[in-house]
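Report on the following structure.
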Amino acid sequence: MGHFSYLLNGLSRSLSIKKGGNCTNKLGKEVSRTMVNDAKKTELILRSSGVVNGEGSKNLASAYSKRGQKGINQDTLIVLEEYGCQEDMMFCGVFDGHGPWGHFVARHVRESLPSLLLCNWQEEALDQYCLESDLKDLNSAIQIHNFDLWEQSFVKTCATVDEELAQHRKIDCFNSGTTALSIVRQGELVVIANVGDSRAVLGTSSDDGSLVPVQLTVDFKPNLPQEAERISQCNGRVFCLEDEPGVHRV
């Protein structure tokens, strides 16, 4: 893992955090907001078809989206370099809307999910540091529990975004929704979270130089019995739309 921003390295010193003691959700949120605000000033961002390669960066990101035959293009995407002000981190997201308001849903998720995820990850790291009295610093907590921290943060973030959409006054989420494919790369760690049937594929080079695709995610389609049952158990509804083939989640 690369070095962390000063907000993480200096957290224990500047805020006088003591192991097993004075850590609170309020403190975590305060630090998270600071991280997000700092990230907005320095982030390199891609939000539409194109290429981004920041000065001095070893990363090259490109994206392309083409409108289909059903009307407005409901695909949205985002690529953030130096995610959370950390040089070794990148966030990538692809959101494919469906239904009459799908493009609005996809855009809302694109704007809301990255910053919420960052806040939740920071809070989870702080909580873990406070729970384990044998850890010397916050960096140790992150290194030991990093994947679990991201997993818990993704679950919490998706639930929050779902609630935001349910309460949104200007977006009809009853007949519309979006997929959400998110990838966080942190040093050598790659964490993928997938909702819906957008896919992540890893490309690797073979001995002869050709590109070999390795699918990293599975589809969660509502027409699959197991997925339909899961949606029903979460108080959702599954039904066929007349203007679109297949079964869709609402």
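The values are calculated or read from the model by the stated rules, or taken from the named source; none is laboratory data. The shown structure was predicted, so the numbers you read here are calculated from the model rather than taken from an experiment. Ideal geometry is used to build each Cβ from the backbone, glycine not excepted, and the neighbour counts take in all protein chains shown. Keep in mind that these areas ignore ligands, DNA and RNA; they rest on the heavy atoms of the full protein, side chains included. Shrake-Rupley method; radii C 1.70, N 1.55, O 1.52, S 1.80 Å.
Each label was represented as a point 7 Å from its Cα along the Cα-to-Cβ direction; for residue 226 and residue 207 these points are 3.5 nm apart.
Per-residue SASA remark: residue 160, around 50 Å² accessible (1.4 Å probe; ligands, DNA and RNA not included).
Full extension of the segment from residue 132 to residue 174, taken as 0.36 nm per residue of separation minus the current Cα-Cα distance, would add 10.8 nm.
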